[in-house]
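Chemist: Sharing a structure, written as structure tokens. Questions coming.
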Amino acid sequence: MRIENLKSDINSYLESSPLNSVEELAIDKIFTDPLLAIADAGDLLFEKMKDPSIIGEHFLLPEDWLPGAKSVISYFIPFSEQVRSANRKQGVPAKEWVYGRYEGEQFNESLRQFVVEYINSTGEGKALAPMLDSRFQIIERLSSNWSERHAAYIAGLGTFSLSRSLITPKGCAGRYGSIITTLILPVTARSYNGLYEHCNFCGECINRCPVKAISNPRKDKIAGMDKAVCADYSRNVIFPRFRPRHGCGKCQTAVPCEDRIPDII
Ligand code: SF4
Ligand code: SF4
């Protein structure tokens, strides 16, 4: 299987899938211009995820999910300008954003499935998406046995940030997906060394957060965002208002890393 063909077919899927739109809000495309990268399934960074200071022992390796795993395909699907711009105002999240998160994740699930079936149908190898597997679970509150963002970091898509998002060359406002396969695919070179190389610690996400979940930059870079405060806000304020939708994303919009790697300051 040629990776160029897979990229092209993913682009076509984004263009043609009705799940990548929201008729009710006249959103023509929830996501545009995907990025794709490949990690070696044996990359030692996967093993490092078992460190309790990163994810923990409950993290499953690619080989645990799929015996014979050779590669991990990771993608980033950026939210369209229509979804991002609607959420740039301060205050409660825009309808376009919460639909983008909820309906967008349904599209993302279909995209994971599309890639799994694409590879399996070649007959050249097997594929599996951890997020679609029955073994996927949240072990402790807010910690799961697979992480799309950590897989994306290992695959070379981007680095972490003060707001705990991952900043790719197309910014941080979007969603991630990953597929493990037994195919040997060309590994993407990581163009960074540090965990936070793409974040410039400007602190603009701090001002955007309605519940002060993000802490002072430079004092506490590693635990910049309190996941529990963020999740409680989404559950107790956003969800009752937009049920069954949730999500806020103010820290991912109207910030210098929304759709690019920000300039170093
Ligand atoms: S707004 Fe600034 S500090 Fe916050 S994640 Fe983006 S680049 Fe980093
Ligand atoms: S998603 Fe909203 S509540 Fe959570 S950290 Fe970002 S701005 Fe704060």
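Chemist: Of everything in segment 87-102, what is buried (at least 20 other Cβ atoms within 10 Å of the Cβ) and part of a helix (DSSP H, G or I)? Give them in sequence order.
Modeler: Correct list: 96, 97, 98, 99, 100, 101.
Chemist: Testing residue 118 on (1) crowded, with 20+ Cβ neighbours inside 10 Å; (2) under 19 Å from residue 11 (Cα atoms); (3) of a type in the set (Phe, Trp, Tyr), one condition comes back false. Which one is that?
Modeler: Condition (1) is where residue 118 drops out.
Chemist: Additional query: Kindly provide the set of residues from segment 201-215 that are among the basic types (Lys, Arg) and either touching a Leu at 6+ places or on another chain (Cβ under 9 Å) or buried (at least 17 other Cβ atoms within 10 Å of the Cβ) (or both), ordered by number.
Modeler: Once the filter is applied, which keeps residues that are among the basic types (Lys, Arg) and either touching a Leu at 6+ places or on another chain (Cβ under 9 Å) or buried (at least 17 other Cβ atoms within 10 Å of the Cβ) (or both), segment 201-215 yields only 208.
Chemist: Kindly check whether there is at least one residue in segment 77-90 that is among the small types (Gly, Ala, Ser) and more than 18 Å from the chain's Cα centre (by Cα).
Modeler: For segment 77-90, residues among the small types (Gly, Ala, Ser) and more than 18 Å from the chain's Cα centre (by Cα): present.
Chemist: Hey, any hits in segment 152-160 for a residue that's within 16 Å of ligand 2 (Cβ to nearest atom) and either on the phi > 0 side of the Ramachandran plot or outside any loop (DSSP other than H, G, I, E, B) (or both)?
Modeler: yes
Chemist: Is it the case, given these coordinates, that residue 249 is in contact with a Phe, Trp or Tyr (Cβ under 6 Å, 6 or more places away or on another chain) and at pLDDT 95 or above?
Modeler: Considered against the rule, which asks whether it is in contact with a Phe, Trp or Tyr (Cβ under 6 Å, 6 or more places away or on another chain) and at pLDDT 95 or above, residue 249 comes out as yes.
Chemist: Please list, ordered by first then second residue, the pairs with beta carbon atoms under 9 Å, 6 or more apart or interchain, first in segment 8-29 and free of Cβ contacts under 8 Å to residues at least 40 places away in the same chain, second part of a helix (DSSP H, G or I).
Modeler: Listed by first residue and then by second, the contacts come to 21/103; 21/107; 26/82.
The values are calculated or read from the model by the stated rules, or taken from the named source; none is laboratory data. Quick caveat, the model's predicted, so the values are computed rather than measured. Ideal geometry is used to build each Cβ from the backbone, glycine not excepted, and the neighbour counts take in all protein chains shown.
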